[in-house]
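Comments concern the structure below.
No value in this document is a laboratory result; all are computed from the given coordinates. In this text, all values refer to a predicted model and were calculated from it rather than measured experimentally. Counting neighbours? That spans all protein chains shown, and the Cβs are built from the backbone with ideal geometry, glycine included.
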Amino acid sequence: MEMVVLEAGSGIEMRPVAEDSLDELCKLVKGNFDHLHEWMPWAVNGYSTAHARSFILKSVRDFAAQETMNFHIFEEGRLAGGAGLNFIDKANRGTEIGYWLGREFTGRGIVTKCAKRLTDFAFDDLGMHRMNIRCARGNVKSRAIPERLGFTEEGTIRDAEWLHDRFVDLVVYGMLEPDWRTVSG
């Protein structure tokens, strides 16, 4: 697949995760560790360049195979966070959005715009039929994204994710392609 850059609004773009973002990624994650550690299982104590490099290499490989499609979010050219399509299920034409931002970029609608753009991309360009977003029950800010976009809360998977030292319930939101045409109008 050719290089895909997704415009998500004025000054906001998503670029496929690439090795040239290694240093910037490490700096963003380390500088926002407490903020990210609260809800991101991958934000581990001792997060290092090796963690970031491993993520980048896996992302590049999986993107080429269209198994996952991880993007870095840039606002006005600055790395702000990440978003992507996880667990691309070609046989059943479904996928799932994941996202995160550095603290200074939150509260401005960036993730909402990126999630909307990723949903359009999955349905229009990849031919997906179903989109999921799973959020920890207590992560109110993350849960606001699918709710704002008109996703349906479909249920809760109990103790579905190990978050550093405990299990958390995940609330599942879903959107079907024909429903998206109605709500995103």
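The table below gives the values:
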read-out	value
Rounded to whole Hz, the Karplus (6.51, -1.76, 1.60) HN-Hα couplings of the stretch 144-159, x for glycine and proline	5, 5, x, 5, 5, 8, x, 5, 8, 6, 9, x, 10, 9, 6, 6
Long-range tail of P(r) for the chain (Cα pairs > 30 Å, %)	13 percent
Lysines with Cα under 22 Å of Lys116, excluding same-chain neighbours fewer than 8 positions away	Lys90, Lys141
Orientation-averaged projected area, Cα convex hull of the stretch 84-185 (nm²)	6.8 nm²
Separation of the Asp20 and Arg148 label points, Cα + 7 Å toward Cβ, nm	3.0 nm
Under 5 Å, built H, 5+ apart or other chain: amide partners of Met128	Phe123
Environment charge of Ala8, counting only residues whose C-beta is closer than 13 Å and scoring Lys/Arg +1, Asp/Glu -1	0
Pair Phe87, Lys58: separation of 7 Å Cα→Cβ label points (nm)	1.5 nm
Under Karplus coefficients 6.51, -1.76 and 1.60, residue-wise ³J(HN,Hα) of the stretch 4-21 in Hz, glycine/proline x	10, 10, 9, 7, 10, x, 4, x, 10, 9, 10, 10, x, 3, 9, 4, 5, 9
